[in-house]
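Enquirer: This is the structure, below, for whatever I ask next.
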Amino acid sequence: AIVLDSSSEEGEAVEPPAKLARVAEVGRQDAAPISPSLPAYAGPLFLNQLLEQQQQQYNNNKTNNNNKTNNNKQQQQRQQQQQPASSTPPASALPELSLQDIFERHPSVGGRPPKEAFLANYMIDLAWLLMECPSLLRVPRLTVIQGDGGSGCASGMALRSEVGLPTRVMAPFRPPLEWGTHHSKLALILYDDCIRVVVRTYNDVFSDFHGKSQAIFLQDFPTRAPAFAGYSDDFGAEFARYLKLYLMVCGGLELEKMDRYDFSAATGALVASVPGYHRGASVCEWGHMRLRRLLAQHVVLPTCWPSGSEEGLICQFSSLGSLSPNWLKEFQETLATTTGPPSSPTPPLQLVVPTVAQVRDSDEGWVAGVSVPIRKANLKEFLAPYWRRWGPSSSADRSAEAVRARQAMPHVKSYCRYAARRPGRPAAQMDPTRQGVRLAWICVTSHNLSKAAWGELQKGGSQICMRSYELGVVLFPNRLAALVRDPQRPSGYFFRPLATPSTGGAGGVVASVFVPLPASSHGNAAAGEPCGYREVPICCPTEVPPADPPSGLDDDRLWAVDLEEGAYLGFDRFGSRRNERGKQFYGNEPALKQTETL
């Protein structure tokens, strides 16, 4: 870990020297416009002014649609007074997040810099990050935990040293096991009156943020009230406990600092992996067994869920380990877990990766494949029935969402369970954009599909072994439906549970499912069968259901970095063949040398 301490003797934040400020401004002018594909997951979008405007438009559309079948004004007023946190604006209006939005533009603190920031990632180009976000130079304490050995921090450290800002270096608490990495992508930004928790899928390097499909979970939590008497909400208490547990193992931040904040209104549940052999009660604390336990606690399938639907378990990732049939069955059992008995039959797995043609034709061209380091040896024969193509089902789809998916290669990692109406259902009951898709849950994470990331059960299930640090967030529709904006917080950026507590299961809340945007933005969320459950709109990072498998012919085959040379057909959008453009285009020389272990 690297701790950058730029505080004054009194501990107050200091302005960055003029020389460094000028360097930062030059860096911003030279950088490409910020247009990443980074949807904000869950309800607490922090761009409040924009959100409120778009929320009103969305609510008006939803109210008009509801009036067709229900003209109860009192019910509408109650819905407006207790607007659930999950009611997001249409996908076309969702704000995409820039680095400045995350680190500099916090609307509830009046432009004041944070008093401390904690960054954990696999790759960090510190100089680039400081140039993009000069306010980080005013943070009295900046802690960085980096998984690739710190090479990307060297230039940033030298830059700080040049202008007289001290740098302090410390080691992480527990190193990864052999073949493992520190792959977690977490940011904690501490202010006087709140903490911002950011779980992301991108490395802190230029190409990851500007050229890839990524995702961010972001939520602000206020400081505890003076009369705080403990958590009345089990979901929030578990979020706080698990965040402290992860930091205790990973290191970099004093645990007692977390006790200042109120996590009662946490919208998601954390899922982490830490390297080691975990036994006893710890088996269910980490990796896919942690995910299995969460799904067993919080996934309630509506009674009509299987009726007339096809189900699937989507695994979408950017790197693939060496898998075995037994491990894949073990992982499938985890993803299929619910509060009820096991489904019969178990929903099929669908593994989503890009094709050779998609990499070639992407925004970055052939070089985009560097960040999808799948090896041919890991594309094993027994996996053939599970493959699905990344992106939209049809190349004729010219919507902004479809074009973006085709152009920006995925570095996002996501997992979910879905049900979709089978073809042949009456057209009036079909959703024209998402085929009536409903999600039971969704996980956005740093975990790729590997034993090293998710862990492997050993010794008859009494032990689980994992090799890497990973971190993700699982979202449940019942939980988001159980939160409302907190009127007692003056800034309006925080949430609280409804009067009837809910732990994310069925208690006190109508059973809910996720509706992937943009389906709900077309007013079709209520067009399905009346199943007696609430439909919660949410962003979804991949096509649901996924596109058909690649044909395997010519360039319509699964991407891998070590295919036979004749497999990489054609020129990319820069007029280059594969390997003709390298690290000078990638934008971060240390990063290019490390991507094989992404």
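The values are calculated or read from the model by the stated rules, or taken from the named source; none is laboratory data. Values in this document were obtained by computation on a predicted structure and should not be read as measured data. With ideal geometry, Cβ positions are generated from the backbone for all residues, glycine too; neighbour counts draw on all protein chains shown.
Enquirer: Please specify each residue of the range 370-380 satisfying the condition of being in a helix (DSSP H, G or I) and modelled with pLDDT of 95 or more.
Expert: Taking the range 370-380 and keeping what is in a helix (DSSP H, G or I), we get 370-371, 376-378.
Within the range 370-380, K376, A377, N378 qualify.
Enquirer: When the residues of the range 421-459 are filtered to those that are part of a helix (DSSP H, G or I) and at pLDDT below 95, which remaining residue is surrounded by the most Cβ atoms within 10 Å (Cβ to Cβ)?
Expert: Initial filter on the range 421-459 (part of a helix (DSSP H, G or I)): 427-429, 451-454, 459.
Now restrict to residues that are at pLDDT below 95: 427-429.
On the way: A427: 6, A428: 7, Q429: 13.
Top of the filtered list is Q429.
Enquirer: Taking the stated definitions as given, is S264 within 24 Å of P497 (Cβ to Cβ), in contact (Cβ under 8 Å) with a residue 60 or more places away in the chain and either part of a helix (DSSP H, G or I) or touching an Asp or Glu at 6+ places or on another chain (Cβ under 8 Å) (or both)? I'd like the intermediate steps shown before the answer.
Expert: Details: within 24 Å of P497 (Cβ to Cβ): yes; in contact (Cβ under 8 Å) with a residue 60 or more places away in the chain: yes; either part of a helix (DSSP H, G or I) or touching an Asp or Glu at 6+ places or on another chain (Cβ under 8 Å) (or both): yes.
The answer is yes for S264.
Enquirer: Something else now. For the range 272-306, what are the residues that are modelled with pLDDT of 95 or more, in contact with a helix residue (DSSP H, G or I) (Cβ under 8 Å, 6 or more places away or on another chain) and part of a loop (DSSP other than H, G, I, E, B)?
Expert: E285
Enquirer: Then there is this: Any residue in the range 110-129 that's closer than 21 Å to L247 by Cβ and hydroxyl-bearing (S, T, Y): show its pairings with residues that are in a loop (DSSP other than H, G, I, E, B) and modelled with pLDDT of 85 or more at Cβ separation under 9 Å, as long as the two are six or more apart or on different chains.
Expert: Sorted first by the residue in the range 110-129, then by its partner, the pairs are Y122/T181; Y122/H183; Y122/S184; Y122/K185; Y122/N203; Y122/S446.
Enquirer: So which residues in the range 471-486 are part of a helix (DSSP H, G or I) and more than 29 Å from C250 (Cα to Cα)? Before you say what the answer is, go through the steps one by one.
Expert: The initial filter retains those residues of the range 471-486 that are part of a helix (DSSP H, G or I), namely 477-481.
Those that are part of a helix (DSSP H, G or I) and more than 29 Å from C250 (Cα to Cα): P477, N478, A481.
Enquirer: Given (1) under 17 Å from P477 (Cα atoms); (2) within 19 Å of the chain's Cα centre (by Cα), identify the lone condition not met by W286.
Expert: So W286 meets the others, but not (1).
Enquirer: Please pick out the residue among L383, L351 that is in contact with a helix residue (DSSP H, G or I) (Cβ under 9 Å, 6 or more places away or on another chain), closer than 20 Å to A440 by Cβ and modelled with pLDDT of 95 or more.
Expert: Working: L383 fails: closer than 20 Å to A440 by Cβ.
Residue meeting the stated conditions: L351.
Enquirer: Restricted to the range 246-304, and to residues that are under 30 Å from A225 (Cα atoms), of a type in the set (G, A, S) and touching a strand residue (DSSP E or B) at 6+ places or on another chain (Cβ under 6 Å), which residue is surrounded by the fewest Cβ atoms within 10 Å (Cβ to Cβ)? Quick ask: steps written out before the conclusion?
Expert: First pass over the range 246-304, keeping only residues under 30 Å from A225 (Cα atoms): 246-272, 285, 294, 297-298.
Then drop every residue that is not of a type in the set (G, A, S), which leaves 251-252, 264-266, 268-269, 272.
Pick out the ones that are also touching a strand residue (DSSP E or B) at 6+ places or on another chain (Cβ under 6 Å) and you get 252, 265, 268-269, 272.
Working: G252: 19, A265: 27, G268: 27, A269: 25, A272: 26.
Residue satisfying both the conditions and the ranking: G252.
Enquirer: Within the range 386-401, restricting attention to residues that are in a loop (DSSP other than H, G, I, E, B) and crowded, with 17+ Cβ neighbours inside 10 Å, which residue is modelled with the highest pLDDT?
Expert: So in the range 386-401, the residues in a loop (DSSP other than H, G, I, E, B) come out as 390-399.
Filter once more, so that each one left must be crowded, with 17+ Cβ neighbours inside 10 Å: 390-392.
On the way: W390: 94, G391: 87, P392: 77.
Per the stated criteria, the residue is W390.
Enquirer: Of T595, T542, which residue is within 22 Å of the chain's Cα centre (by Cα), at pLDDT below 80 and not aromatic (F, W, Y)? I'd like the intermediate steps shown before the answer.
Expert: On the way: T542 fails: at pLDDT below 80.
Only one candidate passes the filter, namely T595.
Enquirer: Hey, another quick one. Do you know which residues across the range 327-368 are assigned to a helix (DSSP H, G or I), farther than 23 Å from G570 by Cβ and over 21 Å from the mean Cα position of the chain (by Cα)?
Expert: From the range 327-368, those assigned to a helix (DSSP H, G or I) are 327-335, 356-360, 365-368; that's our starting set.
Add one more test, that the residue is farther than 23 Å from G570 by Cβ, and what stays is 327-335.
Matches in the range 327-368: W327, L328, K329, E330, E333.
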